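*Asks:* There's a structure below that I have some questions on.
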Amino acid sequence: MTVNNDTDPQLEQLTRRIENLRESDPQFRDTLPDPAVAQQVLRPGLHLSEAIATLMTGYAARPALGERARELVTDHDGRTIQRLLPRFETTTYGELWSRTTSVAASWHHDPAHPVKGADLVATLGFTSIDYTVLDLAIMILGGVAVPLQTSAPASQWTTILAEAEPNTLAVSVELIGVALESVLATPSIKQVVVFDYTPEIDAQREAYEAAGARLAGTGIAIETLDAVIARGSDLPAAPLYAPSPGDDPLALLIYTSGSTGAPKGAMHSENIVRRWWIREDVMAGTENLPMIGLNFMPMSHIMGRGTLTSTLSTGGLGYFAASSDMSTLFEDMELIRPTALALVPRVCDMVFQRFQTEVDRRLAGDRTADADAVAAEVKAEIRNGLFGGRVLAVMVGSAPLSDELGEFIESCFELHLTDGYGSTEAGMVFRDGIVQRPPVIEYKLVDVPELGYFSTDQPHPRGELLLKTDGMFLGYYKRPEVTAGVFDENGFYMTGDIVTELAHDNIRIVDRRNNVLKLSQGEFVAVATLEAEYANSPVVHQIYVYGSSERSYLLAVVVPTPQAVAAAKGDETALKATIAESLQDIARELQLQSYEIPRDFIIEPQPFTQGNGLLTGIAKLARPNLKAHYGDRLEQMYADIAEQQAAELRDLHSV
């Protein structure tokens, strides 16, 4: 962190913590960025592959990545499984580079299915060392990485693969079984590479062998990543890819459902990706800090990818969460003792729930205890015990964080919480509401009259945020009409976010355009699309879907059909159960995500009409009026659900 002479007490305390760690913590000292390597990677004219090679060789002796140690054990059925151990094992930059160049050599010299510049390679799996090796190999060969979302339904993988047409799919052994249908439905795929594979584990070996049997005779080769590395280690090194002078080729496709609900690939050029690696935009507050952190977000998410890149580009040490469902998150954090945290609202909420549960437990056990003292004690234990006592920078992104939760995180870690705003398309835009220049070149607010937002609004202008940045994506892959639809006639990217301009370069988000919500875990939800689908239910006459960027799930207001009301014979509980079951049936049929299904809903006996102001003149939902009419009740429903969950947690911990 760049420290100045500011007399802010929090900054002074942070400065002392940094100096104490420099003196007392060898790992902290050994992970500090090396200025000589940083200068080397900034040499003019360096291509992406050369920048990566400079970092890997410059930091060769340092530990780069870590994963939870595991041991093989026999379960009660006599089968070999793996068990997590309470420690991490690391691999150095040199070892990571050796594995990466071996994969590159193997693919480059493959006579049947070579991977070369501009070839698309899709990857499906949770972030790991193996995943990183594959991703780096794609980049140094000049290929195009296509990370797939592990949480998406298989039908979405098939759709993306049909559009991207990769010749290679790398897939974790955990997902090979469910991915096979997508593989067989994609004519372009000629080889499958299976990673994160341990043949001694019975279930993994059986999954790999079953996949091999299924692909036999199809012309699609299948092999393990270890086999690819072993073959490549005996071959001449592949040349580092260098684009032609003046060329800025495609390097990365990040598929996102975005605001339309249909998967579309945001195109990022080599130069854009290169700038991530040479630290043109670093995590706020970490400019001169050793980056030691936990990677728990997927590589198909721009924030997950950025966190890992920020670590490796500074000679830092990145650990991988042991479980993709974050069930081991706190255990992992305690083991690694991070220096920097890149969080999403969901994780912030997990920390708060941990805090609240422990405070409630202690107060219940000692009725005379001072609540403020207990809260301070628990926060100190979270800060110094659970997170290891050396967190020096905290950033939250992917979705807005409530003020209350943000204040809690700041008080817990005794640090300023940096709130980042960006997108897959535009990159980082502002931190703590302050526009970042660079990468932002220019921005403007555009009136949204249908939602009642105008540049003439008082006390501050409001409107949709439009941007030009020097890291702007190239457009959506094979979707020129969709690309054209997100840029205005002057080349500004239309973010879809409604903002208020508090001052020049000081922006605050207040809404989303096009009836699209971004939930607290970062998922986009097209509520109008969901309303149209749920309205097809035989028991739903009208439905208004409601959500908040501070919540991870949806609620709704449902006007049931007269037939449904009659069938319930005055039993509202039965009516609600019938509606809920129907919504679930539609969600299953459409393969909707769990967060796209309303968790609960209000039953409204009176239809939405023009007369009561809940429909517009052309019979569309009058959203501002619906929000005004039902907002308080829906927010109370959120509060009631949260309280019920908290009570269940307290009961669980009191057993």
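The values are calculated or read from the model by the stated rules, or taken from the named source; none is laboratory data. Predicted model, so just to flag it, every value in this text is computed and none were measured. Note that each Cβ is placed from the backbone with ideal geometry, even for glycine, and that neighbours are counted across all protein chains shown. Please note that ligands, DNA and RNA were not included when accessible areas were found on the heavy atoms of the full protein model with its side chains. Shrake-Rupley method; radii C 1.70, N 1.55, O 1.52, S 1.80 Å.
*Asks:* If only one of VAL394, VAL374 is in a helix (DSSP H, G or I), touching a helix residue (DSSP H, G or I) at 6+ places or on another chain (Cβ under 9 Å) and open to solvent by less than 60 Å² (accessible area, probe 1.4 Å), which one is it?
*Replies:* The match here is VAL374.
*Asks:* Then there is this: Just to be sure, is ASN612 farther than 23 Å from ASN514 by Cβ, open to solvent by 60 Å² or more (accessible area, probe 1.4 Å) and either assigned to a loop (DSSP other than H, G, I, E, B) or modelled with pLDDT under 90 (or both)?
*Replies:* Spelling it out, ASN612 is indeed farther than 23 Å from ASN514 by Cβ, open to solvent by 60 Å² or more (accessible area, probe 1.4 Å) and either assigned to a loop (DSSP other than H, G, I, E, B) or modelled with pLDDT under 90 (or both).
*Asks:* How many residues are surrounded by 22 or more Cβ atoms within 10 Å (Cβ to Cβ) and aliphatic (A, V, I, L, M) if we restrict to segment 410-425?
*Replies:* Of the residues in that region, 1 qualify.
*Asks:* Can LEU317 be described as open to solvent by less than 10 Å² (accessible area, probe 1.4 Å) and modelled with pLDDT under 90?
*Replies:* Answer is no for this residue.
*Asks:* While we're on this one: Can you report the number of residues in segment 12-64 which are assigned to a loop (DSSP other than H, G, I, E, B) and of a type in the set (Asp, Glu)?
*Replies:* Here the count works out to 2.
*Asks:* Turning to a different aspect of this structure: Counting only residues that are open to solvent by 10 Å² or more (accessible area, probe 1.4 Å) and either of a type in the set (Asp, Glu) or part of a helix (DSSP H, G or I) (or both), which one in segment 136-156 is farthest from ASP202 (Cα to Cα)?
*Replies:* This residue is MET139.
*Asks:* Look at segment 508-529 and say how many of its residues are in contact with a helix residue (DSSP H, G or I) (Cβ under 9 Å, 6 or more places away or on another chain), of a type outside the set (S, T, N, Q) and open to solvent by 10 Å² or more (accessible area, probe 1.4 Å).
*Replies:* 7
*Asks:* Let me ask you something else. Go through segment 168-240 and tell me which strands (runs of 3 or more DSSP E), entirely inside it, have 2 or more residues that are touching a Ser or Thr at 6+ places or on another chain (Cβ under 6 Å) and in contact (Cβ under 8 Å) with a residue 24 or more places away in the chain.
*Replies:* Where strands (runs of 3 or more DSSP E) fall fully within segment 168-240 and carry at least 2 residues being touching a Ser or Thr at 6+ places or on another chain (Cβ under 6 Å) and in contact (Cβ under 8 Å) with a residue 24 or more places away in the chain, they are 191-195.
*Asks:* Here is a follow-up. Test GLY406 against the stated conditions and say whether it is touching a Gly at 6+ places or on another chain (Cβ under 8 Å) and surrounded by 16 or more Cβ atoms within 10 Å (Cβ to Cβ).
*Replies:* No: the conditions fail for GLY406.
*Asks:* Exactly one condition in (1) open to solvent by 40 Å² or more (accessible area, probe 1.4 Å); (2) small (Gly, Ala, Ser); (3) in contact with a helix residue (DSSP H, G or I) (Cβ under 6 Å, 6 or more places away or on another chain) is false for GLY365; which is it?
*Replies:* With (1) open to solvent by 40 Å² or more (accessible area, probe 1.4 Å); (2) small (Gly, Ala, Ser); (3) in contact with a helix residue (DSSP H, G or I) (Cβ under 6 Å, 6 or more places away or on another chain) applied to GLY365, the lone miss is (3).
*Asks:* Conditions first: (1) hydroxyl-bearing (Ser, Thr, Tyr); (2) under 19 Å from GLY420 (Cβ atoms); (3) surrounded by fewer than 18 Cβ atoms within 10 Å (Cβ to Cβ). THR357 passes all but one, so which condition is the exception?
*Replies:* (2)
*Asks:* Enumerate the pairs (first residue in segment 626-646 and under 12 Å from ILE602 (Cβ atoms); second residue anywhere and at pLDDT 95 or above and open to solvent by 20 Å² or more (accessible area, probe 1.4 Å)) with beta-carbon separation below 7 Å, excluding pairs fewer than 6 apart on the same chain, so at least 6 apart or on different chains.
*Replies:* MET637/ASP600
*Asks:* May I pose another question? Could you check LYS379 against (1) closer than 19 Å to SER552 by Cβ; (2) in contact with a Ser or Thr (Cβ under 8 Å, 6 or more places away or on another chain); (3) open to solvent by 10 Å² or more (accessible area, probe 1.4 Å) and say which number it fails?
*Replies:* With (1) closer than 19 Å to SER552 by Cβ; (2) in contact with a Ser or Thr (Cβ under 8 Å, 6 or more places away or on another chain); (3) open to solvent by 10 Å² or more (accessible area, probe 1.4 Å) applied to LYS379, the lone miss is (1).
Listed here are the residues, each with its yes/no results for (1) of a type in the set (A, V, I, L, M); (2) open to solvent by 60 Å² or more (accessible area, probe 1.4 Å); (3) touching a residue at least 40 places away in the same chain (Cβ under 8 Å).
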| site | (1), (2), (3) |
| --- | --- |
| VAL448 | yes, no, yes |
| GLY452 | no, no, yes |
| ARG462 | no, yes, yes |
| LEU467 | yes, no, yes |
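*Asks:* Give me the pairs: first residue in segment 88-106 and of a type in the set (Asp, Glu), second residue open to solvent by less than 10 Å² (accessible area, probe 1.4 Å), beta-carbon distance under 6 Å, and six or more apart or on different chains, which are they?
*Replies:* GLU89/ALA69
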